[in-house]
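Input: a single structure, listed below in structure tokens.
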Amino acid sequence: MFTEWLNKPEVFGEYNPLHQTSRTEVEKDFEKGTIESKDFLVEKKDGSKIGFICHFTLVHPAGKHLEIGYSLIPNERGKGYGTEAAEIMIDYLFLSEDVMRVQACTDVRNVASQRALEKAGFKKEGTMRKYFFIRGQWRDAVLFSILREEWKEPRILTRASAK
Ligand SMILES: CC(C)(COP(=O)(O)OP(=O)(O)OC[C@H]1O[C@@H](n2cnc3c(N)ncnc32)[C@H](O)[C@@H]1OP(=O)(O)O)[C@@H](O)C(=O)NCCC(=O)NCCS
């Protein structure tokens, strides 16, 4: 299911760079569970799986930065699940990782993603010019972040559940 989502432009969305991924590659990524990247399924209370959210590490000579990304299947968008998934991920990362900030970036045209990030507590930092190559064109992206002092305390998770 996850492999199918990753390869489907309708799920990954119109604002993400597309690339083909095999099931073997996806399974390897899931099993490896490296600190560089980790994917989670977004599941509703009734158990249906409606998308995924991930965190990954960007390596810079001065240090590592944590970033998140997410996608939902089309008919489950606009119902608050994206915002809730981002809130849970932020709780999880600040509770379990020794990080000062978590960032996210999205195509400037992706209003839903920007609004979901803002609702989850992220602040807009600025525009990164020609950051993504999407459908044959270089697109500007907006960088968002949330700092540990802005997060203050878990919104959804408890300290015990994040361990
Ligand atoms: C981006 C995404 C994860 C957001 O999750 P979501 O569940 O759809 O968003 P929410 O329902 O939590 O909505 C968050 C806010 O965005 C607004 N919003 C949702 N869809 C919108 C749209 N198409 N246009 C404008 N605003 C939109 C909502 O109204 C809400 O704001 P409000 O409470 O002030 O009204 C989801 O839309 C998605 O999977 N999109 C395709 C893939 C993608 O773009 N991924 C992100 C790449 S960075």
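All of the numbers you see were taken from the coordinates with simple rules; none came from a lab. Quick caveat, the model's predicted, so the values are computed rather than measured. No Cβ is skipped: glycine too gets one built from the backbone with ideal geometry, and neighbour counts run over all protein chains shown.
5 Å is the cut-off here: which amide hydrogens, built 1.01 Å from N in the peptide plane, fall below it relative to Asp140, excluding neighbours closer than 5 in sequence?
So Asp140 has HN proximity to Val108, Lys130, Tyr131.
Would you mind computing, in nm to one decimal, how far apart the modelled labels at Thr127 and Lys8 are, each placed 7 Å from Cα along Cα→Cβ?
3.3 nm
With θ set to phi - 60°, apply the Karplus curve 6.51 cos²θ - 1.76 cosθ + 1.60 along the range 98-107 and write out the HN-Hα couplings as whole Hz, x wherever there is a Gly or Pro.
Going residue by residue, I get 8, 10, 8, 8, 10, 10, 8, 9, 8, 3 Hz, with x marking Gly and Pro.
Determine ³J(HN,Hα), in whole Hz, for all residues of the range 134-140 in sequence, where each value follows from phi through the Karplus function 6.51 cos²θ - 1.76 cosθ + 1.60 and θ = phi - 60°; x replaces Gly and Pro.
Result, rounded to whole Hz: 10, 6, x, 9, 6, 10, 6.
From the backbone phi of the range 50-61, what are the Karplus-calculated ³J(HN,Hα) couplings (6.51 cos²θ - 1.76 cosθ + 1.60, θ = phi - 60°) in whole Hz, Gly and Pro given as x?
The phi angles translate into 10, x, 9, 9, 9, 10, 8, 10, 9, 9, 10, x Hz.
Name the shape class, rounded, prolate or oblate, that the alpha-carbon gyration tensor gives for the chain, where a ≥ b ≥ c are the square roots of its eigenvalues, rounded holds for a/c under 1.5, and otherwise prolate holds if a/b is larger than b/c and oblate otherwise. Display every interim value, and only then the final one.
Details: a/c = 1.30, a/b = 1.10, b/c = 1.17.
Rounded, because the longest to shortest axis ratio a/c is under 1.5.
Relative contact order for the chain using alpha-carbon pairs under 8 Å, separation at least 6, rounded to a whole percent?
Once divided by the residue count of the chain, the mean separation gives 19 percent.
Can you pick out the pairs among Lys49/Lys79; Lys45/Lys124; Lys79/Lys119 whose Cα atoms lie more than 23 Å from each other?
Lys45/Lys124
Once both labels are modelled 7 Å past Cα along the beta-carbon direction, what's the Ala160-Leu58 spacing in nm?
About 3.7 nm separates the two model spin labels.
Between Glu76 and Met100, what length comes free when the chain is fully extended (0.36 nm per residue of separation minus the Cα-Cα distance, one decimal in nm)?
Details: separation 24, 0.36 × 24 = 8.64 nm, distance 3.17 nm.
Between Glu76 and Met100, full extension yields 5.5 nm more.
What whole number of Å gives the distance from the Cα centroid of the range 115-163 to the Cα centroid of the range 4-32?
Computed from Cα coordinates, the inter-centre distance equals 21 Å.
For Lys49 and Lys152, what is the calculated FRET efficiency with R₀ set at 35 Å and r taken between the beta-carbons, to the nearest 0.05? Let's see the in-between values first.
Working: r = 31 Å, r/R0 = 0.88.
So the FRET efficiency works out to roughly 0.70.
About its Cα centre, what dipole magnitude does the chain give when the only charges are +1 on Lys and Arg Cβ and -1 on Asp and Glu Cβ, stated in debye to the nearest 20?
320 debye
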